[in-house]
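Scroll down for the structure; my scribbles are underneath it.
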Amino acid sequence: MLRRFSGAMCAILLLAAARPAASFLYVRGSDQASGDLVAVWVKSNFELIVNLGPIDSLQEGPVASFPVPTQFAGSNLIGARFTALAVPNPAASFTQCSFDPPPPQYQIGFTTNGDPSQISPLQIANAQSVLDTPTAGQAWLLNLNNIPTSGDPNVIENSDSDALISTGQTFSYTANVGLGTDAIANNISPISTAVLIDPQGTGQPYSIALYEMAQTLNCSTLVFGTQVHTVGYLTGDNGGSGNAALSLAAPEPGPGGLAAVAIGALAWIGRRRRADPAG
């Protein structure tokens with residue numbers, strides 16, 4: 001089974017040739033390795049879901065290349081929605097304090113053209129609980145591993161690195177996370193994590209920033225905040241040729257590039273997280 005791609009390159013051959021049945025393989029993060037970044041293109045009531053590999057291992061340059069599914073109207077990405085989501089390490093813990101056991105440090109990776117600094121610590125926790133929980137319970141990224149390999153009419157293609165499914169499939173992005181707002185199951189509303197690809201069909205590439213975000217904790221006051229890190233910009237074409245590509249561009253230079261942004265929060269949020277660490 002192919003699990004990791006050479007460097008940051010992900011070669012996906014959807015519907016190009018018959019392949020043995022496989023199952024989408026999402027790998028969680030740990031102290032030794034970050035969790036996978038999962039990209040989704042949605043169009044014509046179908047979703048193309050692609051595993052781009054560990055979010056912290058992405059390098060500048062191409063990260064995905066694939067034939068556009070024929071299920072997408074026009075066999076292109078014009079008018080499609082694109083998003084990418086990850087949980088770098090669902091079991092990460094605060095290191096600033098000596099709690100025993102330490103509360104989880106909720107982390108999410110996501111794309112957005114909005115202002116991520118407006119996302120609160122509580123929203124980070126709630127968003128992660130939808131994507132990948134510290135207890136490995138029911139969460140969307142984990143459930144991708146349960147997409148059927150056969151017998152489900154809503155599953156067109158399913159392999160270890162990609163899946164093509166109907167938006168009505170049980171574990172689809174649309175049914176579990178999109179929910180009409182692309183705000184991680186409405187947990188970081190009004191910040192959308194998606195971008196609309198070239199809706200006018202002008203051939204313009206799309207670009208959307210990729211971030212990692214974590215809760216922080218001021219131990220002296222037990223006040224939670226947030227920390228934002230810019231990974232870079234995911235850019236792609238509209239797939240008008242029948243094939244599409246996705247690349248990672250470096251963060252823009254300047255104070256907003258790789259700077260961490262700390263945001264204060266009320267102390268009651270800290271008390272709630274300690275009382276209910278699962279979010």
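The values are calculated or read from the model by the stated rules, or taken from the named source; none is laboratory data. On a predicted model such as this, the values are computed, not experimentally measured, just so you know. Cβ placement follows ideal geometry from the backbone for every residue including glycine, while neighbour counts extend to all protein chains displayed.
Return the residues of segment 193-204 that are part of a loop (DSSP other than H, G, I, E, B) and over 12 Å from the mean Cα position of the chain (by Cα); say none if nothing qualifies.
Just the residues of segment 193-204 that are part of a loop (DSSP other than H, G, I, E, B), to begin with: 193-194, 197-204.
Answer for segment 193-204, where residues must be part of a loop (DSSP other than H, G, I, E, B) and over 12 Å from the mean Cα position of the chain (by Cα): Ile197, Asp198, Pro199, Gln200, Gly201, Thr202, Gly203, Gln204.
For residues that are within 19 Å of the chain's Cα centre (by Cα) and small (Gly, Ala, Ser), scanning just segment 76-111, find the one that is farthest from Asp31 (Cα to Cα).
So, considering only residues that are within 19 Å of the chain's Cα centre (by Cα) and small (Gly, Ala, Ser), the one farthest from Asp31 (Cα to Cα) is Ala80.
Just the residues that are over 15 Å from Gly109 (Cα atoms) and among the β-branched types (Val, Ile, Thr), please, taken from segment 189-217. Talk me through it step by step, then tell me what you get.
Step one: list which residues in segment 189-217 are over 15 Å from Gly109 (Cα atoms), which gives 189-190, 195-207, 216-217.
Passing the criteria: Val195, Ile197, Thr202, Thr216.
Six or more apart or on different chains, Cβ under 6 Å: which pairs go from a residue in segment 137-162 that's free of Cβ contacts under 8 Å to residues at least 12 places away in the same chain to one that's surrounded by 21 or more Cβ atoms within 10 Å (Cβ to Cβ) and of a type in the set (D, E, K, R)? Could you list them?
Note: pairs meeting the criteria are Ala139/Asp132.
Looking only at segment 153-186, how many residues end up being within 23 Å of Thr133 (Cβ to Cβ), part of a loop (DSSP other than H, G, I, E, B) and touching a helix residue (DSSP H, G or I) at 6+ places or on another chain (Cβ under 6 Å)?
Residues that pass the stated criteria total 3.
Just to be sure before I move on: is Ile269 β-branched (Val, Ile, Thr), touching a Leu at 6+ places or on another chain (Cβ under 8 Å) and at pLDDT 90 or above in the structure I sent? Don't jump to the end; show me each part of the working.
Working: β-branched (Val, Ile, Thr): yes; touching a Leu at 6+ places or on another chain (Cβ under 8 Å): yes; at pLDDT 90 or above: no.
So Ile269 does not fit the description; no.
Based on this model, can you work out whether Pro62 counts as part of a loop (DSSP other than H, G, I, E, B), touching a strand residue (DSSP E or B) at 6+ places or on another chain (Cβ under 7 Å), of a type outside the set (A, V, I, L, M, F, W, C) and in contact (Cβ under 8 Å) with a residue 60 or more places away in the chain?
Details: part of a loop (DSSP other than H, G, I, E, B): no; touching a strand residue (DSSP E or B) at 6+ places or on another chain (Cβ under 7 Å): yes; of a type outside the set (A, V, I, L, M, F, W, C): yes; in contact (Cβ under 8 Å) with a residue 60 or more places away in the chain: yes.
It is false that Pro62 is part of a loop (DSSP other than H, G, I, E, B), touching a strand residue (DSSP E or B) at 6+ places or on another chain (Cβ under 7 Å), of a type outside the set (A, V, I, L, M, F, W, C) and in contact (Cβ under 8 Å) with a residue 60 or more places away in the chain.
Only one of Ser207, Ser189, Ser117, Ser150 is assigned to a helix (DSSP H, G or I), hydroxyl-bearing (Ser, Thr, Tyr), surrounded by fewer than 23 Cβ atoms within 10 Å (Cβ to Cβ) and at negative phi; which? First the steps, then the outcome.
Values: Ser207 fails: assigned to a helix (DSSP H, G or I); Ser189 fails: assigned to a helix (DSSP H, G or I); Ser150 fails: assigned to a helix (DSSP H, G or I).
Every option except Ser117 fails the conditions.
Between Thr181, Thr149, Thr133, which is of a type in the set (S, T, N, Q) and either within 30 Å of Ser241 (Cβ to Cβ) or over 17 Å from the mean Cα position of the chain (by Cα) (or both)? Reasoning before the result, please.
Details: Thr181 fails: either within 30 Å of Ser241 (Cβ to Cβ) or over 17 Å from the mean Cα position of the chain (by Cα) (or both); Thr133 fails: either within 30 Å of Ser241 (Cβ to Cβ) or over 17 Å from the mean Cα position of the chain (by Cα) (or both).
The match here is Thr149.
Select, from Gly79, Gly74, Gly109, the only residue that is on the phi > 0 side of the Ramachandran plot and in contact (Cβ under 8 Å) with a residue 12 or more places away in the chain. Steps first, please.
Numbers: Gly74 fails: in contact (Cβ under 8 Å) with a residue 12 or more places away in the chain; Gly109 fails: on the phi > 0 side of the Ramachandran plot.
After applying the criteria, what remains is Gly79.
Exactly one condition in (1) surrounded by fewer than 20 Cβ atoms within 10 Å (Cβ to Cβ); (2) under 29 Å from Ser75 (Cα atoms); (3) of a type in the set (Val, Ile, Thr) is not met by Thr230; state its number.
If we test Thr230 against (1) surrounded by fewer than 20 Cβ atoms within 10 Å (Cβ to Cβ); (2) under 29 Å from Ser75 (Cα atoms); (3) of a type in the set (Val, Ile, Thr), just (2) comes out false.
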